[in-house]
1. Projected area of region B:209-255, taken from the Cα convex hull and averaged over every viewing direction, in nm²?
2. Using all Cα-Cα distances in region B:158-274, what percent lands in each 10 angstrom bin from 0 up to the longest?
3. So for A:M295, B:M57, A:M41, fewest C-beta neighbours within 10 Å to most, what's the order?
4. Going down the list A:K38/A:K281; A:K235/A:K396; A:K85/A:K235; A:K6/A:K235, which pairs span over 29 Å between their C-alpha atoms?
5. For the pair A:E218 and A:V271, how long in nm is the line joining their label points, each one 7 Å along Cα→Cβ?
6. At 20 °C and 1.002 mPa s, grab the translational diffusion coefficient of region A:107-212 from Stokes-Einstein with a Kirkwood Rh over Cα pairs, rounded to a whole number in µm² per second.
7. Place a label point 7 angstrom from the Cα of B:F204 along the Cα-to-Cβ direction, then list the residues of region B:103-118 whose backbone nitrogen is under 12 Å away.
8. Based on the alpha-carbon gyration tensor of region B:225-283 and its eigenvalue square roots a ≥ b ≥ c, which shape applies: rounded if a/c is under 1.5, prolate if not and a/b is larger than b/c, or oblate?
Amino acid sequence: MALNAKLLLHRGDFTLDASVRVEAGETLALLGPNGSGKSTMLAAIAGLLAPERGIVEVNGRTLTSVGVADRATGRATAVEPHERKVGLLGQDPLLFPHLTALENVAFGLRARGESATSARQAASVWLDAVGLSDVATRLPGQLSGGQQQRVAIARALAAEPDVLLLDEPMAALDVQNASAVRTLLRERLGATALPTIVVSHDVVDAMVLADRVAIMDEGRIVDIGEPAIVLGQPKNQFAANLVGLNLMRGILGSDGSVRATDGRRIRGRVVDDGTGSNSLKVGDVVIAAFPPSAMRLTVGAVSGAVTGAVTGAIGTQGAAAGQPAGSGAAADSGAAADSGTEEFAWRATIGVLEPAVRGIRVPFLGETLAAELTTAELLSSGAREGMTVTVSVDSKLVTVYRPRNAASTMQR
Amino acid sequence: MSMKNKSVKNKSVKNMTVKRGSVKGVQTRAVSGVPRLLYFPAALGFALLVFPVLGLMLRADWPRVPAAIVSPEATSALLLSLQTSVTATALCVIVGVPLALVIARSGTRLAGLLRALTTLPLVMPPLVGGIALLYLLGRNGLVGGFLDLAFGIRIPFTTAAVVIAQSFVALPFLVISVEGALRTAGTRFETVAATLGAGRWTVFRRITLPLIMPGIISGTVLCFARALGEFGATALFAGNAAGITRTMPLAIYTAFNGAGVTQDSAIALSLLLIVVAIGILLLLRSWRPELER
């Protein structure tokens, strides 16, 4: 059993143009910003939205086929949602409020014509599997949010779908319930051979549940692959934000440094992208990624550790080129040793500080980059909101890699 | 453990603040406060609704009320009223629920048009409705002429005409109520049911109908009450033949005008109708808790 979907559809200004293939027993995590088309894609696979062009096939059975030239029959196919055997579970459990937990789970089987007794028997096995046999006779209103979602999972699986689509199934739950439901899903999905797509905002979902990760942006799948690659070496800002990395795109220089389009330079460790086919050459377009905690801020004593190029780009404080950067950059001793630290530092103005898990997040005005410091580090650096400071990056924490090619779409 | 203690502590601190009578106490008072000026129109409205009924009860010749109620004229009218109203209500449920479903699931423009046409009898004087029915189903009417010629069926001035007139004026109440319930319920549960493999008929039977049941029940009660009180369209389209088309409202009218029964029995019959109406109201209120669930 495998799911194969190629979809093209417009809704107002939005265009969905994406292809995806999910093998039997495989779980694909679909990540992307709001409005990137993740839910639209699931709705089209479930038959709730008709694409203008596209194919949806499950296990060789055609569920949708519209306007695809190379199909033998040439006729459009649009199997009704209830005949697709495509299970859909959203963030809202949507348990039928007038039916007990058990009747909710039994619903799919009864709809397929099973007798009430045998459907109930199967349903109670499923309720047991999600650990809720003791609340079988309760109405949804008497269950907690986490319990409701577990019943909804049992209900979706009990209907014996050929494909499972999960649309942010943990989004409405608190942290504890979310991780319980996530663990349950991992167990249940492991026990089935269903192709599964799970849409999420949460990188944990991708790490725990997914065999592969796809990043969706503006209706297209912009990256797809193993979680370690797609999330470990993010190629767009959304994926980088998701895993909490800063991204800088630039050209690989002869000394192994990366020069961004605005002239900023950064040094790092060149890594393989997992395809094994490449070795990066000077002049290649590359991405440098580093955690916010790798950034160092310097104020005060330093009169300006800025290269000419960066002064042009940021265009703020007068800089005495050639002067060594301050103590923060000096901490980056490995980089400072060979080619002059000042080349790998730049000036930036601190934006509005935000709390972060490990301390304080320091965004810079007009940039996507952000630093993260412990409170003690921030205090001792003397940096404050609105100050223009010298920024450098610990090169030991920077990885440099090649951007991967975009995934296939219908429009070329 | 320490976390738990902390939260308990916080709670108790909160409670203390409330006891000191700051935020929470003030809020409660503000919410329940009705501007004093508004009590006057409110009392006036209440009086307008209640005083006429009280007047009727004061005017009633109570010792003779039981006799008037059990008189053959009264019992026959009451029985006819109940029979026709129940039949009309059943008819309204059978056609009204599907009609409401079609309206609720139509596109915005079509739904607007259908809703406007459906609610027309609500804004139309019942007398006009009676005339319209007469011109449609009368012997010279569009459909009535055909029925007469082809099958020899004549509808006006029969008990069937009473039922049709009652249905005509009562149906909008049911449709509006049910359509509102359908819109509130939305289509999300139906979509889920479809992804679980339920066809349209199964979804309607097992999901849609149970979800909108409170709306159907309150709509049915309203519909029945309207059918029971129907006068204008019935008078014009069905006439006022004792035992055939003389329902309670027509019997009251007839009695009040002095033909057949006395004005005292008009009052007695009115009181009887009021009792039945109150019974319906109580029924409606007893269904409300069901609606909350």
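Read-outs throughout are calculated quantities, based only on the coordinates presented, and are distinct from any laboratory measurement. A quick note: this is a predicted structure, and the numbers were derived from the prediction, not measured. We place every Cβ from the backbone using ideal geometry, glycine too, and count neighbours over all the protein chains shown.
1. Reported value for the Cα convex hull: 4.0 nm².
2. Each 10 Å bin holds this share of Cα pairs: 14, 29, 23, 16, 12, 5, 1.
3. Going from sparsest to densest Cβ surroundings: B:M57, A:M295, A:M41.
4. From the list (A:K38/A:K281; A:K235/A:K396; A:K85/A:K235; A:K6/A:K235), the Cα-Cα distance tops 29 Å for A:K38/A:K281; A:K85/A:K235.
5. Placing both labels 7 Å beyond Cα along the Cβ direction yields 2.7 nm.
6. Answer, rounded: 149 µm²/s.
7. B:103
8. Since a/c reaches 1.5 but b/c is at least a/b, the shape of region B:225-283 is classed as oblate.
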